[in-house]
Structures are given as structure tokens and as C-alpha cells.
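Have a look at the structure below, then the notes.
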Amino acid sequence: MMDGGASDFGTALDSLARRLGIEREYWDTAGRHYRAPDETLVAILRAMGYPAETLAELDEVVARLDEIDATPLPATYRIAPGGAVDLPVRLGSGGLAWALTLEAGGVVEGSARTDSLPDVGEGRRLLHIDADFAIGYHRLVIETDGKRHVTTLIAAPERALGVEDLAGSGRRLWGVTAPLYGLVSQRNFGVGDFEDAARFAEAVAPLGADFLGFNPVHALFPTEPHRSSPYSPSSRLFLNVMHIAPDRMPEFAHCEAARRYVEANAVALAGLRDNAFVDYPEVARHKLALLDLLYETFRDRSGIDRDRQNAFADFRAETGPRLHRQALFDALSELLPPQTGRYGGFDQWPEAYRDPTSDAVKRFEVENYSRVGFYEFLQWVADEQLGEAARRARGAGMAFGLYLDLAVGVTPYGADVWSAPDEYAAGVSLGAPPDDLGPDGQRWGLAPFNVRALYEKSYRPFSDLLRSLLRHAKLARIDHVLGLNRAFWMPDGDLPGAYVRYPFDDLLAVLAVESHRARAVVIGEDLGNVPDGFRDRLSARNVLGCQLAYFERDWSGGFRPPEQYAKGVLTSIGTHDLPPLRGWWKGNEIAWRAKIDEKPQEVVAAQEAGRAGDRRALARMLGRDDAANTSDPAAGRDDADLVDDIARRLHARLAASPSDLVAVQIEDMLHREDQANLPGTIDEHPNWVRRLNQSVEGMADDERVTELAAIMRAGRGE
């Protein structure tokens, strides 16, 4: 790493890192300064696909980048939709010929001499192209000096669609968020499913809710059901097949074996429905057995139900090769279970199977054609049922219907990375820099998009993600939207991390395109170490932000009145990573942290005193002076009537806020105390397993639910 002299190497490394958007230096939320070592920069460059161990390698990378910069146009160029465009093109001495293929069809061709085009400086000439540039992605091929270059023109509207575009002017809407896995019903198989989602929407829509939000429904690992975190998916392009409702599949009516299976296991299935926690391994065992039987029925009826067969064929054709690789991955995971540790992944497979194009994988595909088809079938059924849930939600009167979530990344050895390894950075993990809550930083164990691949593929990996997310959702949230601007990459091992900048404006342009195509509103989860001006840039593109009542504080540490909240945001009390109001009031997560981390009593006492101060501050903001003015730190902590009144008042104030959208957590509606997930834990806390204490069938008649819904309707002016 010292080839050519340490000083020369360090200077060249710094220069290359800046050119590629790697920020060696940064400041945390407390104003502390950090500087990443050379080893971190080298590791990040390697993850991007640029070897940088020596000065000679650095020079080679620079030469490659210079060659790319010398092309007539970048790989992607943003334009405004319309009838013509002027492009600053770098030409050779002999002029150029070009061919434009419009996304909707049609080809426009032309040619020009270099000296006939206006000179705009820096060796570029202005090329004018008349064409119908509709919103979308158009392919431009330029030939100059005997070389052929391809560029994607992104015709993007200035802004994504907003609430008023879809719901009408002046409307302030509210909805409910819930854990899909935690939904309880009289018919499910121990975990919430897409039929439960539809029935839940039909229950709360008449109460005034205009959206129903769920945790990510991305594909997990069917053969490793204990891997239950929806934010650590195998794929973000496909769905979690454990949310399929087998009894709602058309094949169920024609499959006597499946009906007999349900009858024979009625006691076990009833036990799964009665559990306070989801028993994922048992749920998966029963569901996969049933789905196997139903797939055989589907195949047996291939000559009878032609419409259904054609619908499956259409789905396969529409979804393309990525569906097949997803199914291949899941089928291979059955053959190649985890070898070491608790979690599997293709890094534990024999070398021959780690490449989806290898001869070994091709042989497996042929020899296990039916099993691969089974997993393709499951994705189709999941998509079909999620789409039906979305239609029923809107049919029940919801303005938006389903509100879905996009996880920030994927596990590094899951289906997405296996299927398209060039799209992801290897040897690094997404995370967060050191702060007061995590002095060593946070390593999330998720693979980031490779910036280089995004650029070279004209952002297709990102547009595919958005298209998958918005396929059935008219409202969607991008988790950790800060990652579209810069993401914190942490190299494997003990090296500290560094920020990597992403092409924010290009990604926002893609987001605007997909928002218009899907007729959907997008929310960005913009909490954390937010750069100056970041929220203004989101707002300018009509991407809604998030505001949490827990975090909205004034200069004195008191709670900011909701009347002062922003308009272009989704407001809520908390999230799945925070306790519901009752649990927050009691300090439940403080007790959990104290137990797990074995904190000294004096530290716990200080945190509990801080929460007592928070209770008083919240009570003061809500006009409960009796609870605000007490000097007793334990006053009101276990007063159920008081916290119920606080909850009513706070929701009423949130409903009256100017925020376009307000989300009510079902846990607050049902007076729950425990949070869905305690960040930074895996087995120490029951994450992603808690089931609700009311069934979807009883939701509309539950007085706790109807009371809070009435408060929201009144506050929102409905």
C-alpha cells in the first residue's frame, strides 16, 4: 500500500476517494469529528470494484474514470418530459449519428456534423433532438469516431405525486399501521396473512382510515423461518410467501388432501393461532406442507383451468429472469441448508453453486424443474393475494389502501445478491456512525447498492425496487431515505466506516418517474443524522418526511405542540423500533436495556428520572397540569386512567396538526405496552413475534379502536 511512497499514495487515495464520493471525514450528531484511515478507503474502493492497494492500481482506476468521463454523454442523463431536448454532447472530429428508442416504442434517428452544432464549451456541442419524451426511460445510441455509446435519458417530472394529487385538495388523512405478522384471526395459520390484511382494511376503512400500513413484506428465507426480521430480507423484489393464505387459494377448494391436512392438524393450528408469539418454524412447517399439496393440484388441473395457467404464465413473463433466479435460490436453499452457525446463505454453499450461471446450477435447474416451479408459483400466489388485499382496501373506501415499506438493504448472502452480485458492494455492510446510543457505530449486516453499478445500469436496480414496492401500494415509505444521499459503509472486520455519496438527484428523478407511473405517494424516513438542506431537497421533489411526537422537542427539551408540525409529512407517535405510548410512559424499553446490558443501577435511575421529566413535559404540553406539576418522579407511571387520557389528548392534537398524513399504531389503539423490535438485539428481546390482542374479525367493534378512530376523524375534520 506504500508503493511509490506513503505520501504519494495517500494523496492519490484522497483524490480518488473524493472523486468517487467517499467522505473520509465526518461529524456525528454530537459534533465529534472522525477521520477514516487509509485502510477503510482501500476496502471501500475494493467493494466498489476498484482495486487500490498500490499507487499503480490507483493510477489505473483514474485512467478508467478519465476514459468514462470522455464519453459523449454519461450513462444516464436527466431531461424534462416534453417534445424536444438539447443535449451537451462531446463529439469527435467526424460528427455523429444517433438513434433514439423511446420507451413506449418508436425510433428516431439523425446525424450531424461537428461544426454544425452550437459550441457550449468544455469540448461539447449542443445536440437537438425532437421526440415525444414521455415520462420514463429512453435509450439513446450515439456513434462518433467509429465508437458506439449508449445513454439512458430519464424523462422525469419535477416532483413526485403528493397527497392532494391522489386524494384531492385540502384533505388531511389518517390511517393505521400494524405488524402484518402479528395479525390475529379465526382462520389464519398462526401468522398474519394477506387475507387478514384485506379483512383488517375492510374493518378500519368504515371508521375513517384511508390507509393501512405494514412492515416490509419482502421475501425472507422459507427454509429458515426463524429468520423473521422483515428488515433483513433475502430479496426486496419479491414477497414473503409465509404471508400467503392457503385457504384462500382457488386450488384449496379442489384439493381434498389439503382440506384433510387442515382437519387432521386442527388442534395444532388452533394452538398456533392462540400463541402470544408467532412460532415461525411451526407455521412454516404446516404452510409449506399445504402449499406443496396445492401446487400439485394446480399442476394436475393444468388442462382444466386454463385461465389460471395463463395468468401464471403471464406473471412469469412479466417478472422475467429475476423471478426464476429467486425461485432457484429458494430451491437450492432446501438442498444446501446452513453448514455453520444459525443463519445460512450462499457463502456456505459449495463453490460451484455460488454463481447462478454455473454448470452446477444449470444441472440443478434441470433436475429440479418442478421444485423451482413451486417457488415461482408461491411468488405468483403471494403477488396475487397482496394485490387482492390492496383492491379490497381501496374498495372499502380507503383513499390509498395499502401503505408498504421498503427496507434499507438486503442480507449479503441472500437471493438478491446471489442473483445479481454486480449490483451490490461486497465486503462492506450498511450501518451508522458512532453516536451516544452506539459508541462503536452500528453494523446492520445489509449489503448496499454498488454506486458504480447503479450508474452503469442507468439506475435500473433502483427503479425495479420502486416498481416492486409500488405494484400494489398507493402509499409507500423508504426506510432510511438518507441512504439515497449518502450511506455509511462499514468494511468487514474491525475497520471503521465512512460515508459514501450516492447520486441523490438522479435517484429522486427515478423516484418521481415511478411515483407518477404507479399513481403513488412516497414517504422518506428522514430520521437520524440529517445533512443540512436534505429535507428541503426531499420537499422540493414532493417526497414526504416523517415526524415522531417522541422526538419533536423545543429548545428547552419540552414537547413541540403538534400545531407546529410541518405539512408535507407523515406524523405518528413512534415507530416499530420504539415502545407504544403506554410502554414509553412506563419506561419499558429502559427496563429492557438495563436487563440486557446489565447497566449499573445509577445509570438506570438517571434514565428513569429522565423519563419522569419527559412524562411531565408531555403532560404539560397536553394540558394535564396535575401530572405536569408533580415533584414525585414516579407519579402517574402506573396510572392507567391518566395514560389513557394522555393518549386521547395526544392523538387529538396530532389529528389537528397541519400534517398531510397521520398514522396511528394499532398497538396504541389496543393499549399495548411492548414494542415490536428493540434495535440492536436479536434473541435478547422477542423481536418481530408479538401478536395482537384482538382479531381482525373483532377490530371494528372494539371500543378502544372505535374511540380512537372517532378522535382521529374529528381532528382531521372528517
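Which residues, counting only those in region 548-572, are open to solvent by less than 20 Å² (accessible area, probe 1.4 Å) and in contact with a Pro (Cβ under 8 Å, 6 or more places away or on another chain)?
Matches in region 548-572: A549, Y565, T571.
Can you pull out the residues in region 440-453 that are under 27 Å from A155 (Cβ atoms) and either touching an Asp or Glu at 6+ places or on another chain (Cβ under 8 Å) or part of a loop (DSSP other than H, G, I, E, B) (or both)?
F449, N450, A453
Within the bounds of region 638-655, is there any residue that is touching a residue at least 40 places away in the same chain (Cβ under 8 Å) and either in contact with a Lys or Arg (Cβ under 6 Å, 6 or more places away or on another chain) or of a type in the set (S, T, N, Q) (or both)?
Yes.
Taking S7 as the residue in question, decide whether it is part of a helix (DSSP H, G or I), open to solvent by less than 70 Å² (accessible area, probe 1.4 Å) and over 20 Å from N450 (Cβ atoms).
Criteria not met by S7.
Report whether or not L650 is surrounded by 20 or more Cβ atoms within 10 Å (Cβ to Cβ), part of a helix (DSSP H, G or I) and touching a helix residue (DSSP H, G or I) at 6+ places or on another chain (Cβ under 8 Å).
So L650 fits the description; yes.
Restricting to region 102-144, and then to whatever is surrounded by 15 or more Cβ atoms within 10 Å (Cβ to Cβ) and of a type in the set (V, I, T), can you tell me which residue is farthest from the chain's Cα centre (by Cα)?
T114
I'm trying to understand the selection: among the residues of region 336-368, which are within 29 Å of the chain's Cα centre (by Cα) and of a type in the set (A, V, I, L, M, F, W, C)?
Passing the criteria: L336, F346, W349.
For region 440-457, name all the residues that are more than 16 Å from P491 (Cα to Cα) and open to solvent by less than 20 Å² (accessible area, probe 1.4 Å).
A453, L454
Given D274, D292, which one is closer than 22 Å to F194 by Cα, more than 28 Å from the chain's Cα centre (by Cα), surrounded by fewer than 18 Cβ atoms within 10 Å (Cβ to Cβ) and touching a residue at least 40 places away in the same chain (Cβ under 8 Å)?
Of D274, D292, the one residue that is closer than 22 Å to F194 by Cα, more than 28 Å from the chain's Cα centre (by Cα), surrounded by fewer than 18 Cβ atoms within 10 Å (Cβ to Cβ) and touching a residue at least 40 places away in the same chain (Cβ under 8 Å) is D292.
Would you tally the residues in region 660-715 being assigned to a loop (DSSP other than H, G, I, E, B), open to solvent by less than 50 Å² (accessible area, probe 1.4 Å) and in contact with a Leu (Cβ under 7 Å, 6 or more places away or on another chain)?
Residues in region 660-715 being assigned to a loop (DSSP other than H, G, I, E, B), open to solvent by less than 50 Å² (accessible area, probe 1.4 Å) and in contact with a Leu (Cβ under 7 Å, 6 or more places away or on another chain): 8 in total.
Six or more apart or on different chains, Cβ under 6 Å: which pairs go from a residue in region 536-548 that's in a strand (DSSP E or B) to one that's open to solvent by 50 Å² or more (accessible area, probe 1.4 Å)? Could you list them?
As it stands, the answer is G545/R535, since those pairs meet every condition given.
Answer with yes or no whether S468 is surrounded by fewer than 23 Cβ atoms within 10 Å (Cβ to Cβ), part of a helix (DSSP H, G or I) and either at pLDDT below 95 or out of contact with any helix residue (DSSP H, G or I) (no Cβ under 7 Å at 6 or more places or on another chain) (or both).
Spelling it out, S468 is indeed surrounded by fewer than 23 Cβ atoms within 10 Å (Cβ to Cβ), part of a helix (DSSP H, G or I) and either at pLDDT below 95 or out of contact with any helix residue (DSSP H, G or I) (no Cβ under 7 Å at 6 or more places or on another chain) (or both).
Return yes when A56 is open to solvent by 10 Å² or more (accessible area, probe 1.4 Å) and part of a helix (DSSP H, G or I) and no when it is not.
In short, yes.
Could you list, in sequence order, the residues of region 40-71 that are farther than 14 Å from A12 by Cβ and either in contact (Cβ under 8 Å) with a residue 40 or more places away in the chain or aromatic (F, W, Y) (or both)?
T40, A43, I44, R46, A47, M48, G49, T71
Residues checked against (1) farther than 25 Å from N677 by Cβ; (2) free of Cβ contacts under 8 Å to residues at least 12 places away in the same chain:
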site	(1), (2)
Y550	no, no
R553	no, yes
G568	yes, no
I590	no, no
K599	no, yes
R611	no, no
R616	yes, no
R624	yes, no
D632	yes, yes
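Pick out the one residue from L404, L378, L336 that is over 29 Å from L166 (Cα atoms), at pLDDT 95 or above and not β-branched (V, I, T).
L378 is the lone residue from the list that is over 29 Å from L166 (Cα atoms), at pLDDT 95 or above and not β-branched (V, I, T).
Quick check on region 77-91. Is at least one of its residues surrounded by fewer than 16 Cβ atoms within 10 Å (Cβ to Cβ), part of a loop (DSSP other than H, G, I, E, B) and either in contact with a helix residue (DSSP H, G or I) (Cβ under 7 Å, 6 or more places away or on another chain) or without any contact (Cβ under 8 Å) to a residue 60 or more places away in the chain (or both)?
no
Suppose we filter G528, G545, G524, G533 for residues that are under 30 Å from V163 (Cα atoms), in contact with a helix residue (DSSP H, G or I) (Cβ under 7 Å, 6 or more places away or on another chain) and open to solvent by 30 Å² or more (accessible area, probe 1.4 Å); which single one remains?
G528
For the subset of region 599-632 comprising residues that are open to solvent by less than 80 Å² (accessible area, probe 1.4 Å) and farther than 22 Å from R560 by Cα, which member is modelled with the lowest pLDDT?
D632
Hey, can you tell me all the residues within region 484-498 that are surrounded by fewer than 22 Cβ atoms within 10 Å (Cβ to Cβ) and either out of contact with any strand residue (DSSP E or B) (no Cβ under 8 Å at 6 or more places or on another chain) or small (G, A, S) (or both)?
If the condition is that a residue be surrounded by fewer than 22 Cβ atoms within 10 Å (Cβ to Cβ) and either out of contact with any strand residue (DSSP E or B) (no Cβ under 8 Å at 6 or more places or on another chain) or small (G, A, S) (or both), then G493, D494, L495 are the ones that fit.
Is one or more of the residues making up region 296-317 surrounded by 18 or more Cβ atoms within 10 Å (Cβ to Cβ) and more than 31 Å from the chain's Cα centre (by Cα)?
Yes, because at least one residue in region 296-317 is surrounded by 18 or more Cβ atoms within 10 Å (Cβ to Cβ) and more than 31 Å from the chain's Cα centre (by Cα).
Can you give me the ranges of the helices (runs of 4 or more DSSP H) entirely in region 570-641 with at least 3 residues that are more than 22 Å from D554 (Cβ to Cβ)?
Helices (runs of 4 or more DSSP H) meeting the threshold: 581-586, 588-597, 601-621.
Between Y343, Y280, which is out of contact with any Cys (no Cβ under 6 Å at 6 or more places or on another chain), among the aromatic types (F, W, Y) and either without any contact (Cβ under 8 Å) to a residue 24 or more places away in the chain or open to solvent by 70 Å² or more (accessible area, probe 1.4 Å) (or both)?
It is Y343.
Residues of region 11-37 being open to solvent by 40 Å² or more (accessible area, probe 1.4 Å) and touching a helix residue (DSSP H, G or I) at 6+ places or on another chain (Cβ under 7 Å), which ones?
Answer for region 11-37, where residues must be open to solvent by 40 Å² or more (accessible area, probe 1.4 Å) and touching a helix residue (DSSP H, G or I) at 6+ places or on another chain (Cβ under 7 Å): just R19.
Which ones in region 66-76 are outside any loop (DSSP other than H, G, I, E, B) and either open to solvent by less than 40 Å² (accessible area, probe 1.4 Å) or in contact with a helix residue (DSSP H, G or I) (Cβ under 8 Å, 6 or more places away or on another chain) (or both)?
Correct list: T76 only.
Go through (1) within 30 Å of the chain's Cα centre (by Cα); (2) β-branched (V, I, T); (3) loosely packed, with under 14 Cβ neighbours inside 10 Å one by one and return the number of the condition T575 breaks.
Looking at each condition in turn, T575 falls short on (3).
The values are calculated or read from the model by the stated rules, or taken from the named source; none is laboratory data. As the structure is a prediction and not an experimental result, all values here were calculated from the model. All Cβ positions, glycine included, derive from the backbone under ideal geometry; neighbour counts span all protein chains shown. SASA here: full protein model, heavy atoms, side chains in, ligands and nucleic acids out. Shrake-Rupley method; radii C 1.70, N 1.55, O 1.52, S 1.80 Å.
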